[in-house]
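All remarks here apply to the structure that follows.
The values are calculated or read from the model by the stated rules, or taken from the named source; none is laboratory data. Just so we're clear, the structure is a prediction, and the values are computed from it rather than from any experiment. Heads up, the Cβs are rebuilt from the backbone with ideal geometry, glycines too, and the neighbour counts pull from every protein chain shown. To get the accessible areas, we keep the full protein, side chains included, count just its heavy atoms, and leave off ligands, DNA and RNA. Shrake-Rupley method; radii C 1.70, N 1.55, O 1.52, S 1.80 Å.
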Amino acid sequence: MWGGRFAEGPAAVMREINASIPFDKRMWRQDVAGSRAHVTMLGERGIVSADDAAAIRDGLEQVAAGYAADGVPDDLAMEDIHMLTEARLSAAIGPAAGRLHTARSRNDQVATDFRLWVRDATDQVLAALDALDAALLARAEEHADSVMPGFTHLQSAQPVTLGHHLMAYHEMVSRDVSRFRDNRARGNLCPLGAAALAGTGFPIDRHATAAALGFDGPTRNSLDSVSDRDFALDYLMAAVQCSLHLSRLAEEFVLWASQPFGFVSLSDQWSTGSSIMPQKRNPDAAELVRGHAGRISGCLVSLMVTMKGLPLAYSKDMQDDKPPVFECHDLLAISIAAMTGMIESATFRTDRMRALAESGFATATDLADWLVREADVPFREAHHITGRAVARAEALACTLDKVPLADLQAIDARITDAVYGVLSVDASVASRRSFGGTAPDNVRAAIRAARG
């Protein structure tokens, strides 16, 4: 490739450290697509002959067919997917292949290929998140009325519905989708034609190649075009946030599947056993999703540190931009798929959820609110009265709605038997009708809105 300048070949270690073909070979489809668009433009602009352009396009199809059939070899002598493709093209059509690299550099070539790959990866993630969201909505609709304890500090707080709980994750997924879509739109500009760093003196048409590759237009500064990796960092940042949401949901499944909670039973497809304890049923898929969030976060840190302080324009450090993005995408894709499968197939123990919702004085706030509404008691005073009522229920070893009226009136004479209408968990969730609240009708309305 650069034999005219160098009299000796690279050392063995240099050859190994310099080669990126073991990982960038997964961009072969994007590399072929970018080359096809580039040579088509060269032919249309008369920079290469129509015959050579046609031969190169045909040769690229042969190269692509070979990759599809046999895979891409780790040929360190070829260094990267771009040089391997050009070498195979040369073997297929001869000297005309040498015209393909006219008016471009590997700098703008790799920047274009990588943007195309990240764009394709984003589309895959968006499709996977749609499937995850559909699973959440389906199970939320199924359990719009299913009462469970809501928690703060992992302590029973107020009763909610399982449907409402699952819809909280729908909101997280919706924000993830928004971030990925924003990143896709922001990064959908084409670097091809920026050449090494300064543009080219050939009369190329960058708008034509951008359009041919589905970009919204060409990038506007040649220096930035070859040195920018914001699109990859943006992808990683969105992926990290998404993985944190998946990890939170996975953690809940781990907790809920434990015997002390007993809220969910995971299907055999998403559970494992123990090598020594035959009774065990482990939520390993959820635990792995939780663990993957740490690795995905590490991918973001890796690329951020690589890019920190790099001078314009291209530096070889940037060859290390792709492994963390590739690793992140693989981990995120399998994490989303695993959570989707777990949600779709889980058996929710709504009887257990209801029992725990009824046992933790979760309707205490309803008693305080009733005192404010019906007895015109200031909330802070109502809070104190309710605390005494909870203490009495604990002493009697019963729930609030089972405390005798006489005991409640001994605490505060303004309490009447009408209070029992708000102290059941069903009454509590039904009363939470404020926008965004847990009332079953609210949950169903939110599901309809989510489905559009």
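Can you check what the Kirkwood hydrodynamic radius comes to for region 12-102, Cα pairs only, in Å to one decimal? It would help to have the intermediate numbers written out before the result.
On the way: mean 1/r = 0.0747 Å⁻¹.
Here the Kirkwood hydrodynamic radius works out to 13.4 Å.
What residues have an amide H closer than 5 Å to that of Ser146, excluding those fewer than 5 places away on the same chain, when H is modeled at 1.01 Å from N in the peptide plane?
Long-range HN contacts for Ser146: Leu162, Gly163.
At His383 and His153, where each label point lies 7 Å from the Cα along Cα→Cβ, what is the point-to-point distance in nanometres?
So the two model labels end up 1.3 nm from each other.
Please compute the modelled spin-label separation between Glu44 and Asp376, points set 7 Å along Cα→Cβ, answer in nm with one decimal.
Result for the modelled spin labels: 7.9 nm.
So if we plug the beta-carbon distance of Ala65 and Arg433 into 1/(1 + (r/R0)^6) with R0 = 56 Å, what FRET efficiency do we get, rounded to 0.05? Kindly include the intermediate steps, with their values, before the conclusion.
Working: r = 62 Å, r/R0 = 1.10.
So the FRET efficiency works out to roughly 0.35.
Considering only protein heavy atoms and a 1.4 Å probe, what is the carbon-and-sulfur percentage of the accessible area of the chain?
Working: 11250 of 21130 Å².
C and S atoms contribute 53 percent here.
Under DSSP H, which helices of the chain have Cα atoms covering 20 Å or more of the helix axis and a Kyte-Doolittle average no less than 0.0? Display every interim value, and only then the final one.
Values: long enough: 28-44 (24 Å, -0.48); 50-70 (30 Å, -0.03); 106-142 (54 Å, -0.12); 162-186 (37 Å, -0.93); 230-257 (40 Å, 0.76); 284-307 (35 Å, 0.73); 322-345 (35 Å, 0.68); 379-396 (25 Å, -0.21).
The answer, listed by residue number, is 230-257, 284-307, 322-345.
Return the long-range amide H neighbours of Ala157 (sequence gap of 5 or more, or a different chain), with a cut-off of under 5 Å between placed amide H atoms.
Under 5 Å from the amide H of Ala157: Gly150, Phe151, Thr152.
In the chain, which cysteines lack any other cysteine Cβ under 4.7 Å from their own?
So, Cys190, Cys242, Cys398.
From the residues His383, Thr416, Asn442, which one has its Cα farthest along the dipole of region 360-448 in the positive direction, the dipole being from +1 and -1 charges on Cβ of Lys/Arg and Asp/Glu about the Cα centre?
Of the listed residues, the answer is Asn442.
Once R0 is set to 30 Å, what does the formula 1/(1 + (r/R0)^6) return for the Cβ-Cβ distance between Met277 and Ser345, expressed as a FRET efficiency to the nearest 0.05? Don't jump to the answer; show the numbers that get you there.
On the way: r = 23 Å, r/R0 = 0.78.
The value I calculate is 0.80.
Do the sum for the chain: with -39,500 (n - 2.57) for every DSSP H run of n ≥ 4, divided by all residues, what is the mean residue ellipticity at 222 nm, to the nearest 500 deg cm²/dmol? It would help to have the intermediate numbers written out before the result.
Working: 18 runs with 279 residues, N = 452.
Result for the chain: -20500 deg cm²/dmol, rounded to the nearest 500.
For the pair Arg451 and Glu327, how long in nm is the line joining their label points, each one 7 Å along Cα→Cβ?
Going from the Arg451 label point to the Glu327 one covers 4.1 nm.
Output the Cα-based Rg and Dmax of region 301-452 in Å, rounding Rg to one decimal and Dmax to a whole number.
26.3, 81
Which whole-number value in Å² is the accessible area per residue of the chain, probe 1.4 Å?
Values: 21130 Å² over 452 residues.
Accessible surface, normalised per residue, equals 47 Å².
Cross-link candidates for Lys316: which lysines have Cα within less than 27 Å, leaving aside residues fewer than 8 places away along the same chain?
Within reach: Lys25, Lys308.
Can you give the Rg/Rh ratio of region 218-343, where Rg is from the C-alpha atoms and Rh is the Kirkwood radius? Numbers along the way, then the final one.
On the way: Rg = 19.2 Å, Rh = 16.5 Å.
When Rh is taken as the Kirkwood radius, the ratio is 1.16.
Using a 10 Å cut-off on Cβ atoms, rank the peptides 157-163, 224-230, 373-379 from the highest mean neighbour count down.
Values: 157-163: 24.1, 224-230: 21.1, 373-379: 13.1.
Most protected by this proxy first, the peptides run 157-163, 224-230, 373-379.
Would any residue of region 44-76 have its amide N under 15 Å from a label point 7 Å out along Cα→Cβ of Ala12? List them or say none.
76
Of the peptides 363-370, 293-300, how do they stack up when ordered by the mean number of other Cβ atoms within 10 Å, highest first?
Values: 363-370: 22.1, 293-300: 19.0.
By packing density, highest mean first, the sequence is 363-370, 293-300.
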